[in-house]
């Protein structure tokens, strides 16, 4: 740091905080929070869905976000929006999903690329 900044600038600093890249475990915990926020947002807009995101999809989102570690958790939020939230909103807007539906998000290979696929579970009836 002393090689980069002049002493006058360094003298004005109170503390130096070193940021380290997030670990896979930390990013996984952040993803849990973002998914919970997504559920809350869906309820807020009266589009409450039960969204079950399978582990391979979670791993896919984490891997995609960790490609650029300098962006930290912002990249994770962006990937969740791109691969999950936008698709859910599109399915809701087209009437393919409605409040109360249960959606399972699975990882599939489509045209040689892995990406999340959305499946609406059939509602079980009691006999």
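FYI, it's all coordinate maths here, none of it is from the lab. Just so it is clear, the structure is predicted and the values come from calculations on it, not from any experiment. Using ideal geometry, Cβ is built from the backbone for each residue, glycine included, and neighbour counts are taken over all protein chains shown.
Counting other C-beta atoms within 10 Å, which of 79, 74 has the fewest, and how do the rest follow?
Numbers: 79 21, 74 11.
Exposure proxy ranking, most exposed first: 74, 79.
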Rh by Kirkwood over Cα pairs, then Stokes-Einstein D for the stretch 1-62 at 0.890 mPa s and 25 °C, µm²/s: 159 µm²/s
Listed candidates [x] 1.03; [y] 1.45; [z] 1.29 - label of the one calculated as Cα Rg over 2.2 N^0.38 Å: [y]
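For the stretch 20-93, just run the numbers: alpha carbon Rg, then divide by 2.2 N^0.38 Å, N being how many residues it has. Don't skip to the answer; put the middle values down first.
On the way: Rg = 12.5 Å, N = 74, 2.2 N^0.38 = 11.3 Å.
So the stretch 20-93 has a normalised radius of gyration of 1.11.
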Among 44, 87, 15: highest mean-square fluctuation, GNM of the chain, C-alpha pairs under 10 Å: 15
Cα long-axis angle, helix 24-44 against the chain (0 to 90 degrees, to the nearest 10): 50 degrees
